[in-house]
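Only the coordinates and a few stated rules stand behind these numbers; no lab work does. Please read all numbers here as calculations on a predicted model, not as lab measurements. Note: ideal-geometry Cβ built from the backbone for every residue, glycine included; neighbour counts use all protein chains shown.
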Amino acid sequence: MSVQQKAQDIGIQLTPDFWRSLQDIQRFALVKLSRSHHENKNFLPALQEFGLELPVSR
């Protein structure tokens, strides 16, 4: 599974600007966390830690 697909599965659209803003090690972490055999519970927290701003839900 790709990082983009994993993000879409949890309702998030990753932009090219966000991806470009990441350091190589951050991209590597997201690739690892998006793999199907990984537990995936840390995928969203990693995105948030790396600076993804999520819309405020009402």
Estimated vicinal HN-Hα couplings, Hz - the stretch 11-19 in sequence order (Karplus 6.51, -1.76, 1.60; Gly, Pro = x): x, 10, 9, 7, 8, x, 4, 4, 4
Net charge of Cβ neighbours under 14 Å - reference residue 25; Lys, Arg +1; Asp, Glu -1: 0
Taking N as its residue count, the alpha carbon Rg of the chain over 2.2 N^0.38 Å: 1.05
